[in-house]
Each structure stands twice: as C-alpha cells, then as structure tokens.
Amino acid sequence: MSLTDQREYTRPEKDELYDLLSNHRRRYVIHFCKQSEEPLSLSDLAERVAAREQDKSVTELTSAERKRVYTSLQQTHLDRLADAGMIAYDGDRIELTDEAAALDVYLDVVPEGSISWGVYYLGVSLLSALVLAGVWVGFVPTETVPAIGWAAVILAVFLVSSVAQVIQNRRYRLGGSEEPP
C-alpha cells in the first residue's frame, strides 16, 4: 500500500460507535477481550462467542456452530472493530486498543426487569420535590422531624443511590462480569 493510499486514523463519531455496538457479536468480542489479560486467538474468541450465543459450554459446541461464528467474526466483525480502532487484529490475535475504553460511556446496561438510572432519578427527584413542598406548606409534619432533617433524608437517598449506581455500572460494563451484557 502506498503512502497516498493510506488514510489517517480519525476517531469514530458517536453514531458510528452506536452502530458498532448495535451488533451483539461485536459487543461479545469487546467483552471477552476485556476479560482476557492477553491477546485472544480468533478460534478461542469464536468459541467463546458461539458458546454465549448458543447458551452452551465450549465443549458442547458443534463444529458447525464454531465455524459459523468464526467465519462471521473473520469476514465482518473484526474488520469493523479494527477499522474503528477498537481492536488490534493481525489475522489470528485480537486485543483491545486504548480506544476501546471510550466505549463504556456509550453503554447504559439495564439488567432485565429493572429500570434505567435516569428513570429512577426522575422518580426520586419528583418524590423529593413532593416531600419538600409538603414541608413548605405544612402538610408534612416538622414536629418530629425538623425541615432540615427532611432535607438530610433526601440528600442521603441521593447519596446512597449514587453509590449504588457506580457499583452497578462497574459490574455491568463490558468485561466486568462473567456474562456479556
């Protein structure tokens, strides 16, 4: 490839990153690479992705299941991740680049049966506003708990909620748990 054919690397736009993460196989690649302390071979990565997709252990996979994922990763997904600068891929060895760390910002993983943190904080804020309005108009009793006590309770709820969110976000980010989100 000549110098005129080479293009300068430019960081992907937000829409490109969302498109990149829209495919579960690419998310699985990033997840399994984050879990590994050393570069993964393409065959090992394909086995892990296939096992996740089929909800089987690696030893239970058929050769057809392995090959289907291997071919898909090799022909499509790894090239897309490499072009976006998220992985270094030399044909058989795959490892994350420093750019992949930026992907965590775009992932708000909401476990099944739960609500997003944005909706949660909206609810807590509305409830807090109702309590403070009740204190202000005298509907909420301030004889047993003074007004500053109600404010302290609200502050404590937000503090505990924020700590819980930080812990959950670390647990559910790509590579942060056994199963990919």
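Values in this text are rule-based calculations from the coordinates and carry no lab data. Bear in mind the structure is a predicted one, so any value in this text is a computation, not a measurement. Methodologically, a virtual Cβ is constructed for each residue, glycine included, from the backbone with ideal geometry; neighbour enumeration extends over all protein chains shown.
Note on LYS14: lysines with a C-alpha under 30 Å away, same-chain residues under 8 apart excluded, are LYS34. Over all other residues within a Cβ to Cβ distance under 11 Å of HIS24, the charged ones net out to +3, with Lys and Arg as +1 and Asp and Glu as -1. The Cβ shell under 13 Å around ARG80 holds other residues with a net charge of -1, Lys and Arg each +1, Asp and Glu each -1.
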